[in-house]
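What follows is calculated from the coordinates using simple rules that are stated; it is not laboratory data. This structure is a prediction, so every number in the text was calculated from the model and none was measured. Note that each Cβ is placed from the backbone with ideal geometry, even for glycine, and that neighbours are counted across all protein chains shown.
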4 protein chains.
Amino acid sequence: MEKTTVNVISKPKLKAPILIEGLPGMGYVGKLAAEHLLEELHAKKFAELCSPHFPHHVAVQANGTLKPLRNEFYWARTDGKDVVILVGDVQPVSPEGHYEVVESILDVIEQFNVKQLFTLGGYATGKYSKAKPRVVGVGDHALLKEFRKHGVTVEKGGGPIIGAAGLLLGLGRLRGMRGICLLGETHGMVVDHRAAQVVLEVLVGVLGIKIDMSALERRARETEHTLDRIRREMELRARKERRREEEEAWYIG
Amino acid sequence: MEKTTVNVISKPKLKAPILIEGLPGMGYVGKLAAEHLLEELHAKKFAELCSPHFPHHVAVQANGTLKPLRNEFYWARTDGKDVVILVGDVQPVSPEGHYEVVESILDVIEQFNVKQLFTLGGYATGKYSKAKPRVVGVGDHALLKEFRKHGVTVEKGGGPIIGAAGLLLGLGRLRGMRGICLLGETHGMVVDHRAAQVVLEVLVGVLGIKIDMSALERRARETEHTLDRIRREMELRARKERRREEEEAWYIG
Amino acid sequence: MEKTTVNVISKPKLKAPILIEGLPGMGYVGKLAAEHLLEELHAKKFAELCSPHFPHHVAVQANGTLKPLRNEFYWARTDGKDVVILVGDVQPVSPEGHYEVVESILDVIEQFNVKQLFTLGGYATGKYSKAKPRVVGVGDHALLKEFRKHGVTVEKGGGPIIGAAGLLLGLGRLRGMRGICLLGETHGMVVDHRAAQVVLEVLVGVLGIKIDMSALERRARETEHTLDRIRREMELRARKERRREEEEAWYIG
Amino acid sequence: MEKTTVNVISKPKLKAPILIEGLPGMGYVGKLAAEHLLEELHAKKFAELCSPHFPHHVAVQANGTLKPLRNEFYWARTDGKDVVILVGDVQPVSPEGHYEVVESILDVIEQFNVKQLFTLGGYATGKYSKAKPRVVGVGDHALLKEFRKHGVTVEKGGGPIIGAAGLLLGLGRLRGMRGICLLGETHGMVVDHRAAQVVLEVLVGVLGIKIDMSALERRARETEHTLDRIRREMELRARKERRREEEEAWYIG
């Protein structure tokens, strides 16, 4: 395997499908959202992608067997819509690898005449916020207008969109594909089902897809408990620190 | 996109044009100077360059849309001179990428019979100096003589010229192109319109191009205010530090 | 040498051989086990592999001569079984290099119709444990069952298997090869003949190969002495540290 | 320039020439020795090598002009011997680059039927020693015997030989070339003409080449003065430190 390789398992007949991408990234937000969607839609795998630009290891699964690292393409038909879902274990390790893999992904979906791309991810705030996470959108002007009606905040001149979520849109546009990137606010260092939930809710809302969200909601509540616990511990530590400083001030003063 | 790719939008008929390069670098000096020039000359874009050696992200623009990272070629005709201006969002991430992109740039400009190259950049001093920044020149012997008359300091045996500003001249010479690199003294960590102004003034002076500098002068004054503020804060901090040390010396002594 | 290159010295006629891999890694466990095996089986070298993805140096040997870095293929016939043993000085320096070299290795062994792979390595615990190291197995389900009978612990959902030990199994499966990775518990920063011994004992036990283990046992005892010494020094240091803390507490209290 | 490129300026007729390599490395020992040799032999440049694996900058020369980074091949005939000398500004930045450039070098010298290689370098000790630096040799067994008679210490099982000095010998052997690497003991962080002198003295002694060493000896004395000065300053600092510790001990005790 000198180059990124795609193994096509089957060739589903799809009618103007959209792509929904959720590869690993900040808070695993995109991956969690896309994986929930493909489970609820009973999506079927039709292609696998391997790359020498992936990390040089294999993953150990729950039953002790090994799993080579891959990106995987699934498809589903729901509410009259055809959907291609891209998920995976990893993203490439080098910039050059990112470009090669994204071009391979675009080669695959171009064959199915994909014209719209929705890439999902997280937006790191570094805060353990209690408030409902915002969903930030960047990308195609017309699509942004539509998503804004569903509560998406349009990000103006923020930081760059790194990895597949950004490159798919940038390089896809050169092939006539249009799309937007939806980013859920997340701490950044915590696996965040809550951010995944809000991102997915916005997406299915706009697309008019109906799915059961209960499993994701349950996990989102667990994420909330985790965040609560961390927040309380940090406040406790901060209070102790302040008291210690006051006592020291007393002695020194 | 396995390799650096150039998308030629139009083929202007140019008469012995010169190249002026201003890609991002130290203090953004070259980029600011070249972008001001292309705005004032109402230069037209005729080619775009993408590369898998660029960083693996896309930029978010002021209106929330995305912009793939590019280097861009513009052209203009002014005072009887044809000018090609090269600007862009980024430079490559690896040495190998730098060589590949610079060769692609040279391939483009060779078609237009470019024989003279002017690369613009900053020269980091690490100082928040109040004095007018010097413009340092390195490169072709005959050109340096000419620029010295316009106040350019010839740098003798200094540090290397890194990235496109240096490689364009080095690899260009192997194709019979001659040129110099003009570097404006700058702090290094501050976006510096002031250094951009002095570099551009020297360049248009030697080339005999007349442009309106007022917009750049205005921004240069803002840079000056920023530098003033940082300088004052640092002096204040240094004075406090000295006083604290004197007080401690009093107690200990 | 633009690509990984294999120099085939001879083409032994082998009957459904298995591959045993022991390249350098954690605690040198796999390398030590595989090298002991090839010495005891008087295995013969039949191919050498060089790669531009290896580190850019040459090794100095005990007699002052130089040795280019290589991976080496040996073969042996024992107890009616044909065995290919892969050992070497290094592994590649980049992920891309790992993929290229592992594919080259698979190209070689595929010619000999290898269907089973046994990759050997260490499993870092960071502890200077006195207990007999466990041997952990991951990989093919049916093989794991067999090895479990010989005392191998099946690892469920642990960390990834990095380098050739993992990639050979992952990429080999795409070519119809099945195998497992045996990892001996080891500190991680100490060359560990003891872990090599337990790994090799399990492997030859399952395969029904009989070899003299005395040389490896001798070196394993040396490793044990080294570990004992480090453990005692660390305990001594910890005790001193505790006493110092108690004394300080006395004064401060 | 996608690949390492050699520009052949002239094709000298050489009779079984030897190669002497001195590219930049530890203490610049090899480079200084080889450059002194080529000056004294009035060697002529016959080829230049550029590479996209070199650092992405150009050097500024004493007169303010720029110099693309290169490796350069010179030849000379002296005392009935034909010599090829390889010097240069840099070595590649990546392992893969090192392999590519060394193969290109071997391609060049193979055309001239080079059978013997002498690579020169430094051997870092981290000490500002006053004693005459030792010259350490590694490589071909027969050649080492000869050099040992001239005072070369044969290094047994030491650290690896990094970069061109090692790879030229390792990969050259695969082409039937034999040679040794001569390393002068040096501090490692100081440009060391003294180590260059001892390495060159040994080499010309064995080869039976007579050259004027006075210029190198002069610079070697300067290096010695530099080392003396650093040594004295470090001793002074160490003494001050000791005195301060004794005084503190007096007060605390």
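In this calculation the C-beta distance from A:A131 to A:D79 is compared with R0 = 35 Å, giving a FRET efficiency of 0.65. When B:E233 is represented by a point 7 angstrom out along its Cα-to-C-beta vector, the spacings to that point in the other copies are 3.4, 3.4, 4.8 nm, nearest first.
Neighbour counts of other Cβ atoms within 10 Å put D:K115, A:K127 in the fewest-to-most order A:K127, D:K115. Once region B:5-252 is represented by equal point scatterers at the alpha-carbon sites, with solvent omitted, what log10 I(q)/I(0) does the Debye formula produce at q = 0.13, 0.15, 0.17 Å⁻¹? Log10 I(q)/I(0), no solvent term: -0.81, -1.05, -1.33. As a quick test, which of the pairs D:K81/D:K156; B:K3/B:K81; D:K31/D:K130; A:K115/A:K210; A:K3/C:K156; A:K127/B:K240 have an alpha carbon distance above 25 angstrom in this structure? In this structure, D:K81/D:K156; B:K3/B:K81; A:K3/C:K156; A:K127/B:K240 exceed 25 Å between Cα atoms. Shielding by partners for peptide C:46-56, expressed as the average number of C-beta atoms from other protein chains within 10 Å of each residue's C-beta, is 4.
Taking only the Cα atoms of the protein assembly as shown, the radius of gyration and Dmax are 33.1, 90 Å.
Between copies, how far does the label point of A:D79 sit from its twins, in nm, shortest first, when each point is 7 Å from Cα along Cα→Cβ? Its label point is 6.3, 6.3, 8.9 nm from the equivalent points in the other copies.
Could you size up the charge dipole of chain B around its Cα centre, putting +1 on the beta carbon of Lys and Arg and -1 on that of Asp and Glu, and report it in debye to the nearest 20?
Working: 37 positive and 33 negative charges, 134 e Å.
The calculated dipole for chain B is roughly 640 debye.
Cross-link partners for C:K67 among the aspartates and glutamates, with Cα-Cα distance under 18 Å and sequence neighbours closer than 8 places in the same chain left out: C:E35, C:E48, C:D89, D:E103, D:D140, D:E155. A:K132: which lysines have alpha carbons under 19 Å from its alpha carbon, excluding same-chain residues fewer than 8 sequence positions away? Filter leaves A:K149.
For chain C, the relative contact order comes to 23 percent (Cα pairs under 8 Å, sequence separation of at least 6).
Three principal axis extents of region A:116-253 based on alpha-carbon atoms, in descending order, are 70, 34, 25 Å. Measuring between their Cα centroids, region C:70-134 and region A:82-107 lie 30 Å from each other.
Relative to the compact-globule scaling 2.2 N^0.38 Å, provide the ratio for the alpha-carbon radius of gyration of region C:147-193.
On the way: Rg = 12.7 Å, N = 47, 2.2 N^0.38 = 9.5 Å.
Relative to the rule-of-thumb radius for its length, region C:147-193 sits at 1.33.
Among beta bridges from DSSP that stay inside chain A, the antiparallel ones total about 55%.
Rank the residues D:L23, A:L143 as a footprinting-exposure proxy: fewest other Cβ atoms within 10 Å of their Cβ go first.
Values: D:L23 24, A:L143 19.
So the residues, fewest neighbours to most, are A:L143, D:L23.
Sorted from nearest, the other copies put their A:G188 label points 2.6, 2.6, 3.6 nm away, the label point being 7 Å from Cα in the direction of Cβ. Per residue of peptide D:166-177, the mean number of Cβ atoms on other chains within 10 Å of the residue Cβ is 4.
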